[in-house]
Amino acid sequence: MKKSIIQTSSREQTLALAGLFAGILQGGEIVFLRGPIGAGKTVFVKGIAAALHLKSSPTSASFSLMKEYKNKKYRLFHIDLFRLEEGEVFNLGFEEMLEDEQAIILAEWPDPIGRMLPQDRLEIHFKLKQGDEREIELTSHGKISERLLEKLCNLVKKSF
Ligand SMILES: Nc1ncnc2c1ncn2[C@@H]1O[C@H](COP(=O)(O)OP(=O)(O)OP(=O)(O)O)[C@@H](O)[C@H]1O
Ligand SMILES: [Mg+2]
């Protein structure tokens with residue numbers, strides 16, 4: 001388990017961080033996004049999708065818990081389980097996602113699916129500070145997410 005803290009002081013800066021993060025994604029990553037309402041979780045996800053030039057693909061209305069963004073190289077699944085509980089979330093299609101090397105799973109309010117996914121995940125906790133300041137705490141759980149975090153920290157040191 002590795003931990004690292006990054007601060008941003010505007011939405012644009014969080015988008016820039018998301019852009020750096022997008023550049024090191026290869027497919028197969030799982031990211032849990034935590035923190036209160038309005039902390040910046042969705043901004044971060046949209047920043048990743050924009051940086052990778054992904055298009056949101058139409059999902060059925062009954063599947064509002066999840067949005068898929070994709071291009072030829074990546075499939076990004078943005079899941080938001082606000083106010084849901086474990087027993088209320090069934091079959092989001094994880095088996096297929098986990099078999100797909102292009103799939104990246106980004107989940108806000110992820111507790112209901114915590115036990116349905118592999119343990120190797122990067123946890124990103126957005127904390128509200130003064131005004132537009134955000135403290136972003138990243139914690140790796142496993143080898144894949146540890147390498148991801150190391151790469152991100154190197155990029156942040158160089159250019160953030
Ligand atoms: N440093 C910052 N980083 C990210 N967003 C910021 C920052 N400063 C201000 N904001 C604003 O905070 C809001 C973050 O909204 P966002 O939808 O990303 O929150 P969220 O964490 O996804 O909340 P929810 O749990 O309701 O989904 C946006 O209105 C954004 O413009
Ligand atoms: Mg959100």
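Taken together, the values in this text are just the output of simple stated rules run on the coordinates, not laboratory data. Since we're looking at a predicted model, the values are computed, not measured. So basically every Cβ, Gly included, is an ideal-geometry build from the backbone, and we count neighbours across all protein chains shown.
So what is the 222 nm mean residue ellipticity for the chain from helices alone, if each DSSP H run of at least 4 adds -39500 (n - 2.57) and you divide by all residues, rounding to the nearest 500 deg cm²/dmol?
Counting only the DSSP helices, I get -9000 deg cm²/dmol.
How much net charge surrounds Glu135 when only the other residues with a Cβ under 13 Å from the Cβ of Glu135 are counted, with Lys and Arg +1 and Asp and Glu -1?
Overall, the nearby charge balance is +2.
Against the longest alpha carbon principal axis of the chain, how many degrees, from 0 to 90 and to the nearest 10, is the axis of helix 11-22 turned?
Taking the Cα atoms of the chain, the angle to 11-22 is about 70 degrees.
Under 26 Å Cα-Cα from Lys157, which lysines qualify once same-chain neighbours fewer than 8 residues away are excluded?
Candidates past the 8-residue exclusion: Lys2, Lys3, Lys41, Lys46, Lys127, Lys129, Lys143.
Compute the acute angle (0 to 90°) between the alpha-carbon long axis of helix 41-51 and the principal axis of greatest extent of the alpha-carbon atoms of the chain; round to the nearest 10°.
It is inclined by approximately 90 degrees.
Let a ≥ b ≥ c be the square roots of the eigenvalues of the Cα gyration tensor of the chain; is it rounded (a/c under 1.5), or, if not, prolate (a/b larger than b/c) or oblate?
rounded
Which far-off residues, 5 or more places away or on another chain, put their amide H under 5 Å from the one on Arg75, with H placed in the peptide plane?
Ala103, Ile104
What order, most packed first, do the peptides 40-51, 79-90 have when packing is the mean number of other Cβ atoms within 10 Å of each residue?
Descending mean neighbour count gives 40-51, 79-90.
Please work out the C-alpha center-to-center distance from segment 31-71 to segment 126-151 and express it in whole Å.
Rounded to whole Å, the Cα centres lie 17 Å apart.
Provide the net charge surrounding Cys153, with neighbours chosen by a C-beta distance below 14 Å and charges set as Lys +1, Arg +1, Asp -1, Glu -1.
Result for the neighbourhood of Cys153: +3.
Around Gly35, which amide H atoms from residues at least 5 apart in sequence, or from another chain, sit under 5 Å from its own amide H, with H modelled in the peptide plane?
Excluding prolines and chain starts, which carry no amide H, the hits are Phe126.
Collect residues whose amide H, placed 1.01 Å from N in the peptide plane, falls under 5 Å from the amide H of Glu29; neighbours closer than 5 in sequence don't count.
Ile105
Using only Cα atoms, find the angle between the long axis of helix 143-159 and the longest principal axis of the chain, and express it within 0 to 90 degrees, rounded to the nearest 10.
Around 40 degrees separate the two axes.
About the Cα centre of the chain, how large is the charge dipole given +1 on each Lys and Arg Cβ and -1 on each Asp and Glu Cβ? Please answer in debye to the nearest 20.
For this selection, approximately 680 debye.
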